[in-house]
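Derivation of every value follows stated rules applied to the coordinates shown; laboratory data play no part. Note that the coordinates shown come from a computational prediction; the quantities given were computed from them, not determined experimentally. Please note: Cβ atoms are built from the backbone with ideal geometry, for glycine as well, and neighbour counts cover all protein chains shown.
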Amino acid sequence: MITAMSSGMSRARLARMHDVMAGHVEAGHVPGFVTLISRHGQVHVETMGTTAVQGDDPMRPDTLFRITSMTKPVTAVAAVILVEECRLRLDEPVDRLLPELADRRVLTRPDAPLDDTVPADRPITVRDLLTFRSGYGALFGPDASAPYQKAADELELRLGPPTPRTPHDPDEWLRRLATLPLLHQPGASWLYNTGSQILGVLIERASGQSFEAFLRERIFEPLCMTGTGFTVPEEDRPRLAPAYDVDPGTGALVQSDGVEDSVWNQPPALPDGAAGLISTIEDYHAFALMMLEHGRYGSERVLSRPAVETMITDQLTPAQKASSGFFPGWWDGLGWGFGVAVVTKRDAISAVPGRYGWDGGAGTTWWNDPTEDLIAILMTQRAEFPRLSDVYNDFWTSVYQAIDD
């Protein structure tokens with residue numbers, strides 16, 4: 001338990017947080033969850049409810065979760081490791097290692113026919129992939145039915161959620177992606193998701209290892225992240241929580257991925273650097289702590305302090321945000337670094353400028369706050385858009401209202 005004296009967190013207000021979050025379990029919004037707050041080196045973990053709807057298995061600190069888009073920061077760290085070793089360079093064209101992406105064509109507008117293109121002004125760079133400005137990305141809103149998205153679906157590229165998985169291995173996936181034009185000129189606009197998928201292929205080719213092997217050797221093993229990977233081993237399946245969608249008509253939780261029949265029980269053809277990882281709250285806390293400690297974890301140095309500071313700095317211009325086509329108002333108080341979002345304006349209790357992290361659409365959220373020396377993580381398996389989730393929003397309000405110094 002966190003003590004107010006050592007961590008600056010109020011016991012009474014943490015009890016209030018417990019009551020608020022318990023209300024979501026009792027109302028059936030989630031079957032259960034695990035939360036973690038770490039401040040000034042003191043860690044408070046709480047479990048509540050069960051892993052499954054009408055299930056008997058309690059949530060535990062080592063429960064396995066599909067962390068979906070919380071994979072993106074891990075992929076970004078892997079790429080920056082290679083940048084620090086000069087095996088990749090931020091402003092180098094990716095053509096050297098990804099020749100499939102040389103000589104790009106660009107749609108005249110995102111909803112244009114696929115043959116209505118102009119030449120790219122310049123090559124795609126490593127920086128473009130890290131900041132999601134490559135010109136490739138998932139489409140939202142009216143553009144989601146554009147010819148580009150239809151073609152991506154027919155190619156089975158899976159540029160959005162991690163299920164269903166693409167059946168293509170990294171080389172074939174990239175070959176197919178390269179048959180599509182870019183949606184925007186390289187560097188012109190932030191587009192979600194696909195940059196992290198391409199980074200996974202780039203990391204394989206730059207390192208000479210499989211993407212998963214590189215992550216395991218350079219990140220998971222140094223950080224003792226023993227439960228993190230792209231596949232759930234058979235002996236660990238009892239720890240996997242089922243995943244749920246929400247029925248839009250009734251609000252009921254409907255299972256979307258089980259345990260014994262989980263998609264994650266089999267190795268993927270393409271280890272998805274955007275949304276493919278399984279992890280635990282304890283494992284992800286180790287990753288978050290490494291970031292908060294400027295690249296160090298105990299005696300292990302994963303990244304340099306300057307590298308982490310670069311990653312958590314907003315890299316986008318107002319024009320790149322405005323043309324992104326992402327959700328209205330999204331960029332009012334946020335920016336994007338390398339694989340993480342960064343708070344740029346204080347417009348809510350938890351919106352501390354410099355706070356950084358990312359959420360997972362399957363029910364997970366993580367942010368670090370260097371100003372408050374704070375890490376907070378929530379893991380459950382109810383799929384919804386994080387910013388529209390009462391569970392997410394109540395969690396973050398409750399974390400910050402408990403600060404007592």
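In the range 263-405, taking the dipole from charged Cβ atoms about the Cα centre, the farthest positive-side position among 284, 395, 317 is held by 317.
A simple spin-label model places pseudo-atoms 7 Å from Cα toward Cβ; at residue 246 and residue 332 they are separated by 2.0 nm.
The range 336-405 and the range 122-180 have Cα centres lying 27 Å from one another.
Only residues of the range 311-338 count here: report those whose backbone N is under 18 Å from the spot 7 Å along Cα→Cβ of residue 140, or say none. Answer for the range 311-338: 315-338. In plain terms, the chain from residue 118 to residue 401 could stretch by 96.7 nm, reckoned as 0.36 nm per residue minus the Cα-Cα distance.
With distances taken between every two different alpha-carbon atoms, the range 16-121 has a Kirkwood hydrodynamic radius of 19.0 Å. Modelled this way, with points 7 Å down the Cα-to-C-beta line, the labels at residue 322 and residue 108 are 2.3 nm from one another.
With 16 Å as the cut-off, how large is the P(r) tail for the range 103-161, expressed as percent of Cα-Cα pairs? Show your work: numbers first, answer last.
Working: 853 of 1711 pairs.
So the portion of pairs separated by more than 16 Å is 50 percent.
If the only charges are +1 at each Lys and Arg Cβ and -1 at each Asp and Glu Cβ, what is the size of the charge dipole of the range 60-186 around the Cα centre, to the nearest 20 debye?
On the way: 17 positive and 20 negative charges, 73 e Å.
With only Lys, Arg, Asp and Glu charged at Cβ, the dipole is about 340 debye.
Gain on full extension, evaluated as 0.36 nm per residue between residue 26 and residue 85 minus their Cα-Cα distance, stands at 16.2 nm. Ranked by how many other Cβ atoms sit within 10 Å of their own Cβ, fewest first, the residues 127, 296 fall in the order 296, 127.
The Rg/Rh ratio for the chain is 0.95, where Rg is the radius of gyration of the alpha carbons and Rh is the Kirkwood radius.
With a Förster radius of 35 Å, plug the Cβ-Cβ distance of residue 19 and residue 234 into 1/(1 + (r/R0)^6) and report the FRET value to the nearest 0.05. Show your work: numbers first, answer last.
Values: r = 38 Å, r/R0 = 1.09.
The computed FRET efficiency comes out at 0.35.
Modelled label positions at residue 217 and residue 169, each set 7 Å beyond Cα in the direction of Cβ, lie 1.9 nm from each other.
As a proxy for reagent exposure, ranking 198, 219 by other Cβ atoms within 10 Å from fewest up yields 219, 198. The C-alpha atoms of the chain define a longest principal axis, and helix 281-292 lies at about 70 degrees to it. Set Lys and Arg Cβ to +1 and Asp and Glu Cβ to -1, take the dipole of the range 31-126 about its Cα centre, and tell me which of 77, 37, 112 lies farthest positive. Toward the positive end, the furthest listed residue is 37.
The order of the peptides 263-270, 326-333, 245-252, 223-230 by mean Cβ neighbours within 10 Å, most packed first, is 223-230, 263-270, 326-333, 245-252.
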